[in-house]
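One structure is given here, and the rest of the page talks about it.
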Amino acid sequence: MMGFSYEEIVARIKEVSNLSDAEIDSKVNGKLEQFSGLVSKEGAAHIMANELGIRLSRPAASLLKIANIVSGMQNVEVLGRVVAVYPAKAFSSNGRSGQVGSAILGDETGTIRVVFWNEEANRLGFLNRGDVIRLKGVYVKDSRNSSLELHVNSRSLVVVNPPGESVEVKERELKRRRINEIADDDSFVEVLATVIEVFDLRFFEVCPNCGKRARMQENVFVCSSHGAVAPSYSYVLNAFLDDGTGSVRTVFFGKSARQFLRREDGELLSFRLSPESFEPVKTEALGSFVKVGARVSRNEMYGRIELVANSVEQARPEDAQGAQVVAQQERVEVSPVPVAVEEGVSDGSSSGSVEESLGSESNI
Ligand SMILES: [Zn+2]
C-alpha cells in the first residue's frame, strides 16, 4: 500500500539509526507479536520507522528535477509546484474529439508544461496555483515549439499536496517580448512598455492569517484554511501597457501594484475609503515607462492574452536595447484600447483570469 518493500524500509532505518540488521529484525518481530499478526512484516517495519521518527519517502534521487528531464523519457516521476493552471477545453480535429488542458509546474531548476488529456483533464479542476503535486508515470513529449512537455495519461499518478513536501520554484528566466509577439505558449515574459491607461484600484477581503482570499458566506468572511475571519484587505489594479507593437491588459496584485504605483501598502489601503484621492496617483502612473515581468494568462472569455505582473520596475530608455518601444514623450500612436467592461475584480462567480489569480497570488 505504501509502496515500500521490507528491504527498502530496513535500509532506510539503517541509514538513519545505528541499528544492525539483527537488531532491526528483532524489533520488527517484537512489533509483529505486539500486533498479533494483524500487520504484515512491511507494516511492522513501517510502524517501527515511524516510532524512530523516520519519515519514509522516496529518496530524492528517484525524483527527476525539471531541468534534467529530456526528450523521450517514459515513466517520469517529478515533484513540483503549480505555477499556472489552464483549464480543460474541448477540441475536435480530424474526426477526433475530446478535451485537453494543462498546468505549468516549477521546481528550483525550472518550469515545464504538464498536459492533461480527456478524462485526465478533469483533474485540473482540483489544482490550484501554489499546490505542490507529485506526478508519477508521466511521459515526456516534444511540443510544437520544441520545448518539452509532460503528458499525463490514465496510468499516471497525480498526488496533490503530498504531506511534508514543499518546493521552491526557480525565479523564471523571463523572455523579453514585444507585446504583439507574446505567444500562446509563453509562460513568463518581460515587456517594456508605456502605461496608457490605469483603472481604479479595487479592494478585496483576505484572510489576515494566510493572505488567501476570504469570501462572504452567510454574512461572515470565510478563509478556506482558517474558517471565519475578520478580513484584512488587499488590492488589484488593472492597466493597459503599450509598446508600439500592441497593447496588453496587465493585472497588478498586492506587491506588484505597490511597485507599479510606487506607493506603500498603508497609503494604497487608505484609498479604499477615499477612492477620490487615488486620482492623482493614477495620473502620475500614466505615461510612465515600465519594465514588467509577468505571467502570461489567456483570458478564455475574451479570447486574448493578458499579463499578471510579478515584478515592476521603472524602465530607462537604455533598457529597450533596440526594442521598438514607445517612449514617454513620443507616445503619439497607440493601438486601440478595448473597452474596459470587465475591468477590475469580478464578483467571484466569473471564471476570468483575474478571479483565477485572486487569492492565489503569492505576492499579495
Ligand atoms: Zn487563512
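Would you confirm, using the coordinates I've provided, whether Arg263 is among the charged types (D, E, K, R), over 20 Å from the mean Cα position of the chain (by Cα), within 13 Å of the ligand (Cβ to nearest atom) and not in a helix (DSSP H, G or I)? In short, no.
Residue by residue, here is whether (1) assigned to a loop (DSSP other than H, G, I, E, B); (2) in the same structural domain as Arg123 (by TED's automatic domain parsing); (3) out of contact with any Lys or Arg (no Cβ under 7 Å at 6 or more places or on another chain) holds:
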| residue | (1), (2), (3) |
| --- | --- |
| Arg12 | no, no, yes |
| Leu19 | yes, no, yes |
| Ala22 | no, no, yes |
| Gly72 | yes, yes, yes |
| Arg81 | no, yes, yes |
| Ala84 | no, yes, no |
| Lys89 | no, yes, yes |
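Taking the range 288-311 as the range and being among the hydrophobic types (A, V, I, L, M, F, W, C), touching a Gly at 6+ places or on another chain (Cβ under 8 Å) and crowded, with 17+ Cβ neighbours inside 10 Å as the test, only Ala309 passes. Within the range 253-270, identify whether any single residue is under 22 Å from Leu192 (Cβ atoms), modelled with pLDDT under 95, hydrophobic (A, V, I, L, M, F, W, C) and touching a Leu at 6+ places or on another chain (Cβ under 6 Å), and answer yes or no. No - not one qualifying residue is present in the range 253-270.
Taking the criterion of being surrounded by 19 or more Cβ atoms within 10 Å (Cβ to Cβ) and more than 17 Å from Gly211 (Cα to Cα), the residues of the range 264-284 that qualify are Phe271, Phe278.
If you go through the range 74-101 and pick out every residue that is of a type in the set (Ser, Thr, Tyr) and touching a residue at least 24 places away in the same chain (Cβ under 8 Å), you end up with 1. Only one of Val220, Val236 is touching a residue at least 40 places away in the same chain (Cβ under 8 Å), among the β-branched types (Val, Ile, Thr) and out of contact with any Cys (no Cβ under 9 Å at 6 or more places or on another chain); which? Checking each option against the conditions leaves just Val236.
Within the range 5-20, restricting attention to residues that are charged (D, E, K, R) and loosely packed, with under 12 Cβ neighbours inside 10 Å, the residue that is modelled with the highest pLDDT is Glu7.
For the range 192-208, give me each residue that is assigned to a strand (DSSP E or B) and closer than 22 Å to Ser288 by Cα. Give the steps one after another, and end with the answer.
Kept after step one, since they are assigned to a strand (DSSP E or B), are these residues of the range 192-208: 192-198, 202-206.
Listed by number, the residues that qualify are Leu192, Ala193, Thr194, Val195, Ile196, Glu197, Val198, Arg202.
For the range 91-122, a residue qualifies if it is assigned to a loop (DSSP other than H, G, I, E, B), closer than 16 Å to Ile66 by Cα and not polar (S, T, N, Q), and exactly one does: Glu108. Kindly establish whether Pro163 is within 16 Å of the ligand (Cβ to nearest atom) and assigned to a loop (DSSP other than H, G, I, E, B). Judged against the criteria, Pro163 is not a match.
Of all the residues in the range 295-312, those that are hydrophobic (A, V, I, L, M, F, W, C), under 12 Å from Ala84 (Cα atoms) and touching a helix residue (DSSP H, G or I) at 6+ places or on another chain (Cβ under 9 Å) number 1. Taking the range 24-43 as the range and being among the hydroxyl-bearing types (Ser, Thr, Tyr) and either part of a helix (DSSP H, G or I) or over 41 Å from the mean Cα position of the chain (by Cα) (or both) as the test, the residues that pass are Ser26, Ser36.
Per-residue answers, yes or no, for (1) touching a residue at least 24 places away in the same chain (Cβ under 8 Å); (2) among the aliphatic types (A, V, I, L, M); (3) closer than 30 Å to Asp107 by Cα:
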site	(1), (2), (3)
Ile179	yes, yes, yes
Phe188	yes, no, yes
Ser225	no, no, yes
Ser270	no, no, no
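For every residue, the table says whether it meets (1) small (Gly, Ala, Ser); (2) within 16 Å of the ligand (Cβ to nearest atom); (3) buried (at least 18 other Cβ atoms within 10 Å of the Cβ); (4) outside any loop (DSSP other than H, G, I, E, B).
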| residue | (1), (2), (3), (4) |
| --- | --- |
| Ser154 | yes, no, no, no |
| Val159 | no, no, no, yes |
| Asp185 | no, no, no, no |
| Glu190 | no, no, yes, yes |
| Ala214 | yes, yes, yes, yes |
| Phe221 | no, yes, yes, yes |
| Ala228 | yes, yes, no, yes |
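Looking for something loosely packed, with under 13 Cβ neighbours inside 10 Å, within 30 Å of Ala315 (Cβ to Cβ) and in the same structural domain as Ser102 (by TED's automatic domain parsing) - is there at least one such residue anywhere in the range 125-145? Yes.
The values are calculated or read from the model by the stated rules, or taken from the named source; none is laboratory data. Bear in mind that the values here come from a model prediction, so they are computed numbers and not experimental data. So basically every Cβ, Gly included, is an ideal-geometry build from the backbone, and we count neighbours across all protein chains shown.
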